[in-house]
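Some notes on the structure that comes next.
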Amino acid sequence: MSSAPEIDALIPDYVLDLATKDLDYLDEHGWVPWAWSVLAGAGEVTARIDEDAEDYPSHLLSLAGLGHLFALFREVLDDGDASAEPALELVGPVRPLLTEIEIGRYGERHGIWDRQDPETADGLVREATSARAEELRGRLVEIVGEARLFTSLAITRLPELAGGDETSGWQGGPVSEAAIDAFVIDAVNGDPSSSATRAYAWLSGDLDLG
């Protein structure tokens, strides 16, 4: 599987913060923007997120989905069961938040409803974010392959990888294609621990923790 095209993700900082600020794990190495650039390169999303665009609700929920996917991977890598639910506050009267009407319309278009009764806008956000995380997990596997996707996430967490490597020229900065190239073999084969193997199987869709 070839690497993904490198397209700069143009995500306003305040929008990125809105979609990721409540994660249990900090995205210190910028995995979410990297994943967005991969999806943009494949035509899944636009590179630039514009809060005035008609598709902004879909893009914000996709961004939140990536953040949730990142958090779930870290949970599984820490021997969790991927049961965490998104706890985002994305609904409000003004941008960059979504209105209740917008999240309601999104739910109708995508067949998403709140499992709790009575249904709420925040509940729809939770369900939409969870659903989008699963969809984008599969899409990223299709685009970059299991090994590269696992590596992109592993280098944000595994101690022997996250600190960088003098021979590769990558020193633990933002996730990038160069960083993945440098560590893909080590990330996939270098840690035989059950947690890493389990996380790889979950990410590739071969392990259902539900």
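Every read-out reported here was derived from the displayed coordinates using simple, explicitly stated rules and does not represent laboratory data. None of these values were measured; they are calculated from a predicted model. We place every Cβ from the backbone using ideal geometry, glycine too, and count neighbours over all the protein chains shown.
Roughly how many whole Å is it from the C-alpha centroid of the range 9-25 to that of the range 84-115?
16 Å
What list of ³J(HN,Hα) values in whole Hz, one per residue of the range 137-151 in order, does the Karplus curve 6.51 cos²θ - 1.76 cosθ + 1.60 (θ = phi - 60°) give from phi, with Gly and Pro shown as x?
Ordered by residue, 3J(HN,Hα) equals 4, x, 5, 5, 4, 5, 6, 10, x, 4, 5, 6, 5, 4, 4 Hz.
Of P12, F70, L26, which is farthest along the charge dipole of the range 1-119 in the positive direction, counting Lys and Arg as +1 and Asp and Glu as -1 at C-beta?
P12
For D79 and W113, calculate 0.36 nm times their separation in residues minus their Cα-Cα distance, and state this gained length in nm to one decimal.
Stretched out fully, the D79 to W113 stretch lengthens by 9.3 nm.
Please give the charge dipole size of the range 29-124, origin at the Cα centre, charges +1 on K and R Cβ atoms and -1 on D and E Cβ atoms. Round to the nearest 20 debye.
Details: 6 positive and 19 negative charges, 67 e Å.
Computed charge dipole of the range 29-124: roughly 320 debye.
Just want the answer: with Cβ charges of +1 for Lys and Arg and -1 for Asp and Glu, which residue in G111, V91, I49 is farthest toward the dipole's positive end in the range 24-161?
Ranked along the dipole, the leading option is I49.
Collect residues whose amide H, placed 1.01 Å from N in the peptide plane, falls under 5 Å from the amide H of L207; neighbours closer than 5 in sequence don't count.
Here the answer is W202, since their amide H atoms fall under 5 Å of that of L207.
Given just the C-alpha atoms of the range 1-112, how large is their convex hull per residue in cubic angstrom?
128 Å³
Taking 0.36 nm per residue of separation and subtracting the Cα-Cα distance, what length does fully extending Y14 through I101 add?
Working it through step by step, the gained length comes to 29.1 nm.
For the range 101-116, in order, what is each residue's ³J(HN,Hα) by Karplus, 6.51 cos²θ - 1.76 cosθ + 1.60 with θ = phi - 60°, in whole Hz (x at glycine and Pro)?
Each residue of the range 101-116 in turn: 5, 5, 5, x, 5, 4, x, 5, 5, 9, x, 10, 9, 6, 6, 8 Hz.
Under the rule of at least 5 residues apart or a separate chain, name every residue whose amide H is placed under 5 Å from the amide H of L10.
Residues meeting the amide H criterion: R48, I49.
Give the long-range amide H neighbours of V91: residues separated by 5 or more places, or on another chain, with amide H under 5 Å away, using H modelled in the peptide plane at 1.01 Å from N.
Under 5 Å from the amide H of V91: L98.
Using the Karplus curve 6.51 cos²θ - 1.76 cosθ + 1.60 with θ = phi - 60°, work out ³J(HN,Hα) for each residue of the range 12-19 in order, rounded to whole Hz, and write x for Gly and Pro.
Couplings: x, 4, 5, 6, 4, 5, 4, 7 Hz.
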